[in-house]
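Quick notes on the structure that follows.
The values are calculated or read from the model by the stated rules, or taken from the named source; none is laboratory data. Keep in mind that this is a model prediction, so the values were computed, not measured. Cβ sites come from the backbone with ideal geometry, for glycine too, and all protein chains shown count toward neighbours.
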Amino acid sequence: MSAPSTSFFEGWTPTVDVREDKDKYIVKAELPGMKKDEIEVTLDGNMLTIYGERKQEQEKKERASYRSERFFGRFQRTVTLPAELQNDKIEGSYKNGLLTITLPKAESAKPKQIQVKT
């Protein structure tokens, strides 16, 4: 469901959840410690791409690291969605390190109930 990152965007990759219901897809990406203006989201056809860069904090004091497990640097995460979308109705929000993008399905992509006659 997702494309691998290219060598240009090596570093870390945020975790992503994709939920689907009959009317929409909801994509959630964990981007802790980032600011809204450090994140870019694009949609090309049915490919949703999240770009960004998490910068390392600069400490003024000279101090050696004892242990560092957090990732920094540029990232790109692409999710391919299997249905046509209503591009003019897509919404995004970012709160407490969680990016949420709601992508409504186009009417032609929604399931149709078929009336069976006897």
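Selection within the range 66-83: residues that are farther than 14 Å from Lys22 by Cβ and surrounded by 14 or more Cβ atoms within 10 Å (Cβ to Cβ). The member of this set that is modelled with the lowest pLDDT is Phe72. What number of residues within the range 19-53 satisfy the criterion of being out of contact with any Ser or Thr (no Cβ under 9 Å at 6 or more places or on another chain), part of a strand (DSSP E or B) and farther than 14 Å from Leu85 by Cα? Residues in the range 19-53 being out of contact with any Ser or Thr (no Cβ under 9 Å at 6 or more places or on another chain), part of a strand (DSSP E or B) and farther than 14 Å from Leu85 by Cα: 4 in total.
Across the range 84-95, what is the number of residues that are part of a strand (DSSP E or B) and surrounded by 13 or more Cβ atoms within 10 Å (Cβ to Cβ)? Final tally of qualifying residues: 3. Taking each residue of the range 1-23 that is at negative phi and among the aromatic types (Phe, Trp, Tyr) and looking for partners that are surrounded by fewer than 13 Cβ atoms within 10 Å (Cβ to Cβ) and at pLDDT below 90 with beta-carbon atoms closer than 8 Å, six or more apart or interchain, yields Trp12/Phe71. Within the range 96-118, being surrounded by 10 or more Cβ atoms within 10 Å (Cβ to Cβ), farther than 12 Å from Glu30 by Cα and of a type in the set (Ser, Thr, Tyr) holds for one residue alone: Thr102.
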